[in-house]
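Reading through the structure tokens given below for one structure.
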Amino acid sequence: MKHSLRALLALILLAALTAAGCGGSDGDGGDTSAATSGTAAATAAADGAAEAPEKITIAYQAIPNGDLIVKQNGWLEEAFPDTEIEWKIFDSGGSVIEAVAANSIDIGLAGSSPVSRGLSTGIEFQVPWIFDVIGEAEALVVRDDIASLEDLKGKKIAAPLASTTHYSLLAAIEEAGLAPGDVDIIDAEPDDIYAAWSRGDIDGAYVWNPNLARIVDEGGKIILTSAELAERGKTTYDLALVTNDFASKYPDAVTEWVRQQDRAVKLLNDDPQAAAEAIAAELNLTADEVLPQIEGLIYLTAAEQAGPDYLGGKLGKDLFQTAEFNKEVGEIPDVKPEADYVKAVNPTFAEQAAG
């Protein structure tokens, strides 16, 4: 009887979707794929779950934001009970962009600078979510003999190539009136940066938590934060990317993924202690260590993100400005028209999740 009722509900919902002229996504698929998508969506709705593939591969990073909460609590596994959720850890956004280009992930996390660079080089994807607006959680930390940005000249300063911190470091160097070549910029991933600091191999680093906090604990001195750069027009973000193929085939799954991220943001804002405990379990830290780290990031709900200040307009313009700066300092050869960056940011999923 239970299975008969489920089938009947699916047929009723399918008939309603057909009568309303509902297709699948806004992708380029023809009538056959749209009909298939509608049938699967109806069945999924009757089952109480969004349509999803057999497997979703997600690229994540060790950053204290909502993504780690979703992972630790198994919320995606609950939302997609018939789907394998594969979590792949990456050291930096540049590697995530490479994985998108290689079609080896469906959804990932990368900073706004690597996202901008990826779009500039013609890699196609959509930005459906802002994990966080970066504030004091990313900073330029140095040894005691460096008192100002001008003192960076001739020093060894580490940052992951093509990351948001690399972008911020270049902005700091420009602000000091120096050329990028005046500073010995060392390309290294966050864990390697911490190891290099501990060995005394570098004079400083522009890096994010938790390695930023570790370096500070070992005597590092912060002389500039990304919050300060944001006040000067160099805002950076941790962003989600979804491949065009996945977003086109499984729009309901993307919306459900955003809904779970929104759930994590609300936990971060309403119950920081519980959020910190979940994140701490992923980072092998204590909740007390994580609490000050999450205070250095700004977390936005789906309703806040969908508006014109973020996914609804400004973020695309910020990505364009980031690309222009990267070209100015010689990091990328070309910049696409501003409309290309604005188009890549898709507020639809956040709007639906907030509804």
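The values are calculated or read from the model by the stated rules, or taken from the named source; none is laboratory data. Remember, predicted model here, so these are calculated numbers, not experimental data. All Cβ positions, glycine included, derive from the backbone under ideal geometry; neighbour counts span all protein chains shown. Side chains included, ligands, DNA and RNA excluded: accessible areas come from the protein's heavy atoms. Shrake-Rupley method; radii C 1.70, N 1.55, O 1.52, S 1.80 Å.
Per-residue extension of 0.36 nm, minus the Cα-Cα distance of ASP201 and GLU98, leaves a gain of 34.2 nm for this segment. Largest mean-square fluctuation among ALA213, ALA102, ALA52, in a Gaussian network model of the chain whose springs join Cα atoms under 10 Å apart, belongs to ALA102. Return, ordered by residue number, the residues of the range 166-183 whose backbone nitrogen is under 20 Å from a label point located 7 Å along Cα→Cβ of THR121. Counting backbone N atoms under 20 Å from the label point, the list is 166-171. Farthest toward the positive end of the dipole of the range 198-319, out of GLY200, VAL216, LEU300, is the Cα of LEU300, where the dipole comes from beta carbon charges about the Cα centre.
Averaging the Cα positions of each part gives two centres, and for the range 315-329 and the range 166-209 these lie 20 Å apart.
Basic side chains Lys and Arg get +1 at the Cβ, acidic Asp and Glu get -1 at the Cβ, and with that the dipole of the range 166-247 about its Cα centre reaches some 240 debye.
For LYS317, the accessible area of its heavy atoms, probed at 1.4 Å with every protein chain present, is near 110 square angstrom.
Among ASN326, ASN244, ASN103, which one shows the biggest mean-square fluctuation in a GNM of the chain, springs joining Cα atoms closer than 10 Å? Looking only at ASN326, ASN244, ASN103, the largest GNM fluctuation is found for ASN103. Could you pull out every whole DSSP H run in the chain that spans at least 18 Å of Cα extent along its own axis and averages 0.5 or higher on the Kyte-Doolittle scale? Sorted by number, the helices that extend far enough and score high enough are 2-19. The helix-only estimate of mean residue ellipticity at 222 nm for the chain, built from DSSP H runs of length n ≥ 4 each weighted as -39500 (n - 2.57), is -15000 deg cm²/dmol after division by the residue total.
Per residue, the range 154-303 exposes an accessible area of 38 Å² to a 1.4 Å probe, with every protein chain left in place. In this label model, LYS314 and ASP82 are separated by 4.2 nm, measuring between points 7 Å along each Cα→Cβ vector.
With a cut-off of 15 Å between beta carbons, the residues surrounding GLU231 carry a summed charge of -3, where Lys and Arg count +1 and Asp and Glu -1. Based on every Cα atom in the range 126-241, Rg and the maximum pairwise Cα distance Dmax equal 13.4, 43 Å.
Could you work out the local net charge near GLU54, counting Lys and Arg as +1, Asp and Glu as -1, over the other residues with Cβ closer than 14 Å to its Cβ? Summing Lys/Arg as +1 and Asp/Glu as -1 gives -4. Excluding same-chain neighbours fewer than eight residues apart, the lysines reachable from LYS327 by a Cα-Cα span under 25 Å are LYS153, LYS155, LYS156, LYS234, LYS314, LYS317, LYS336, LYS343.
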